[in-house]
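Visitor: Pasting in a structure now, in structure tokens, and then I'll have a few things to ask.
The values are calculated or read from the model by the stated rules, or taken from the named source; none is laboratory data. This structure is a prediction, so every number in the text was calculated from the model and none was measured. Ideal geometry is used to build each Cβ from the backbone, glycine not excepted, and the neighbour counts take in all protein chains shown. Only protein heavy atoms, including side chains, enter the accessible area calculation; ligands, DNA and RNA are left aside. Shrake-Rupley method; radii C 1.70, N 1.55, O 1.52, S 1.80 Å.
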Amino acid sequence: MSFREEHELHKRRFGRNLGLGLVLALFVALVFGLTIAKVSNNDFKVPATQGATN
Amino acid sequence: MSDATINTSTNVQAAQPGEAEFGDFFALLKPRVMTLVVFTALVGLLAAPIGVHPIIGLAAILFIAVGGGAAGALNMWWESDIDSLMKRTSKRPIPAGKVTRDEAFAFGVTLAVMSVVMLWLATNAVAAGLLAFTIFFYVVIYTIGLKRWTPQNIVIGGAAGAFPPMIGWAAATGSISIESVLMFALIFMWTPPHFWALALFMKGDYHKAGVPMLTVTHGRKSTRRHILVYTVLLAILAVGAAFTGIGGPVYLAVALVLNAMFLRDAVAIWRRDEVMAEADDYRVEKKAFKLSLVYLFAHFTAILIEAALAGFGLGGWA
């Protein structure tokens, strides 16, 4: 008996994990893009930190 | 927009947790309905007088779409019992035994919260608040509250589908205005004739599921009358909108042609009875349903064209 035999369930799980991985990668890229877009905006001001105000 | 698919199986299988494929979770988002959400939200965003950074605009549309999809997943979670009874919905992931109800609930709630928070961070609180209200309205007020209680369910549910252009507009401007309310009203008035035309030729499904669709509670003659009344009101609104901030000559031409066609079909539906409809397999009702899809797409495309022309000083009546 081989434990390495791939079951149809494993293929399904691999597909799901791959899909989720791609979605997460795209989400990270989008948040990065959003950050760049926000800080590139002329209106953007760095929020004053507590240390700077004291 | 309805996500009409005709299936033949009504077998309900017990799903095992963790067995679903990626595509099953995607199907929970009602991708066909999502296309309407994406398109109308995009028009709302682009027609707004204030421009947004392309990445912020892309993120806004994406999070609005995810929020709409989350509402769809929560709708399927609540309605899995009646979905299994209707041919049209029996192949959805829960009744088909691919996704468990708990998985659908967790998936829907997670995406709903995430989409609202991310839309807030990407754009502003008004857009995020509207998205949160839309999800709440569709899931709690419509799906859980009123759908199984009133034959006006379609009218009420139509409001949820009408919010995306308002959210897109708010994402760009940070506010609600008469133009965005008009886009809301256009979808709101369009939904009842669109859905009731579908209900006329998808007969039996809603009755079997015990959903008080107008065709079941008030009869098919009354439904035909309702379609005509709503189409007349829709035509007045749609043509009238041509003379507002979102309209112009291009929009007016589109509105005149399509409302004349839609009114012609609504009158034909009203004049027919069940014997005539069954004789030609609901040809007129099916034609009106298909036209309604073109109708909405064309009106929003015309709004988009007017907004694009305005960029060259050509849009509107000025």
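Visitor: Hey, can you find the accessible area per residue of the stretch B:177-318 for me, probe 1.4 Å, expressed in square angstrom?
Guide: With all protein chains present, the stretch B:177-318 gives 43 Å² per residue.
Visitor: About its Cα centre, how strong a charge dipole does the stretch B:178-232 have in debye, to the nearest 20, once Lys and Arg get +1 and Asp and Glu get -1 at the Cβ?
Guide: 380
Visitor: Further question on the same structure: Compute the FRET efficiency between A:Thr35 and B:Thr110 as 1/(1 + (r/R0)^6), taking r as their Cβ-Cβ distance and R0 = 30 Å, and round to the nearest 0.05.
Guide: Computed FRET efficiency for A:Thr35 and B:Thr110: 0.85.
Visitor: For the stretch B:20-175, what is the accessible area per residue in Å² when the probe is 1.4 Å?
Guide: 36
Visitor: Follow-up question, since we're still on this one. Could you check the simple spin-label distance between B:Leu256 and B:Arg32, using points 7 Å along Cα→Cβ, in nm with one decimal?
Guide: Rounded to a tenth, the inter-label distance reads 3.5 nm.
Visitor: Using the membrane-span-like helix rule (whole DSSP H runs, Cα extent along the own axis of at least 20 Å, mean Kyte-Doolittle hydropathy at least -1.0), which helices of chain B qualify?
Guide: Passing helices, by number: B:31-47, B:54-78, B:101-122, B:178-201, B:220-240, B:249-271, B:283-310.
Visitor: Pop out the carbon and sulfur fraction of the accessible area of the stretch A:7-51 as a percent, whole number, probe 1.4 Å.
Guide: 69
Visitor: Roughly speaking, to the nearest percent, how much of the stretch B:79-183's 1.4 Å accessible area is carbon and sulfur?
Guide: 74
Visitor: Now for a separate question. What figure in square angstrom, to the nearest 10, would you give for the accessible area of B:Ile156 with a 1.4 Å probe?
Guide: Accessible area, nearest 10 Å²: 40 Å².
Visitor: Holding the Cα-Cα limit at 30 Å, pick out from B:Lys98/B:Lys221; A:Lys11/B:Lys290; B:Lys87/B:Lys147; B:Lys98/B:Lys287 the pairs that are longer than that.
Guide: B:Lys98/B:Lys221; A:Lys11/B:Lys290; B:Lys98/B:Lys287
Visitor: How many Cβ atoms of partner chains, on average, are near each residue of A:9-20 if near means within 10 Å of its Cβ?
Guide: Across A:9-20, the average partner-chain Cβ count within 10 Å equals 3.
Visitor: Also: Got a sec? What order do B:Ser84, A:Ser40 fall in by accessible area at 1.4 Å, biggest, i.e. largest, first?
Guide: Accessible-area ranking of B:Ser84, A:Ser40, largest first: A:Ser40, B:Ser84.
Visitor: While we're looking at this one, here's another question. Probe 1.4 Å, all protein chains in place: accessible area of B:His194 in Å², nearest 10?
Guide: Its heavy atoms expose roughly 0 Å² to the probe.
Visitor: Could you report the accessible area of B:Met114 in Å², rounded to 10, computed with a 1.4 Å probe on the protein chains as they sit in the structure?
Guide: The accessible area of B:Met114 comes to roughly 70 Å².
Visitor: Nearest 100 Å² is fine: what is the total accessible surface buried where chains A and B meet, probe 1.4 Å?
Guide: 1300
Visitor: Distance in nm between label sites at B:Ala310 and B:Thr150, each 7 Å beyond Cα in the beta-carbon direction?
Guide: A separation of 3.3 nm, rounded to one decimal place.
Visitor: With a 1.4 Å probe and all protein chains kept in place, how do B:Arg148, A:Arg12, B:Arg283, B:Arg101 rank by accessible area, largest first?
Guide: Largest accessible area first, the residues go B:Arg283, B:Arg101, B:Arg148, A:Arg12.
Visitor: Here is a follow-up. For B:Val117 and B:Ile236, compute 0.36 nm times the residue count separating them, minus their Cα-Cα distance, and round to one decimal in nm.
Guide: Net length gain for the segment: 39.1 nm.
Visitor: Oh, and also: Under a Cβ-Cβ cut-off of 14 Å, what is the net charge of the residues other than B:Ala70 that fall near it, where Lys and Arg count +1 and Asp and Glu count -1?
Guide: Charge balance in the 14 Å sphere: 0.
Visitor: Let me ask you something else. To the nearest whole number, what is the average tally of beta carbon atoms from other chains within 10 Å of the beta carbons of peptide B:45-55?
Guide: Taking all residues of B:45-55 together, the mean is 2.
Visitor: First select every other residue whose beta carbon is under 9 angstrom from the beta carbon of A:Arg16; then total the charges, Lys and Arg +1, Asp and Glu -1.
Guide: 0
Visitor: At B:Asp273 and A:Asn42, where each label point lies 7 Å from the Cα along Cα→Cβ, what is the point-to-point distance in nanometres?
Guide: 7.0
Visitor: Given a 1.4 Å probe and heavy atoms of the protein chains only, how would you sort B:Met213, B:Met118, largest accessible area at the top?
Guide: So the residues, ranked largest to smallest area, are B:Met118, B:Met213.
Visitor: Suppose only helical runs count, i.e. DSSP H with n ≥ 4. What mean residue ellipticity at 222 nm does that imply for chain B under -39500 (n - 2.57) per run, divided by all residues and rounded to the nearest 500 deg cm²/dmol?
Guide: -22500 deg cm²/dmol
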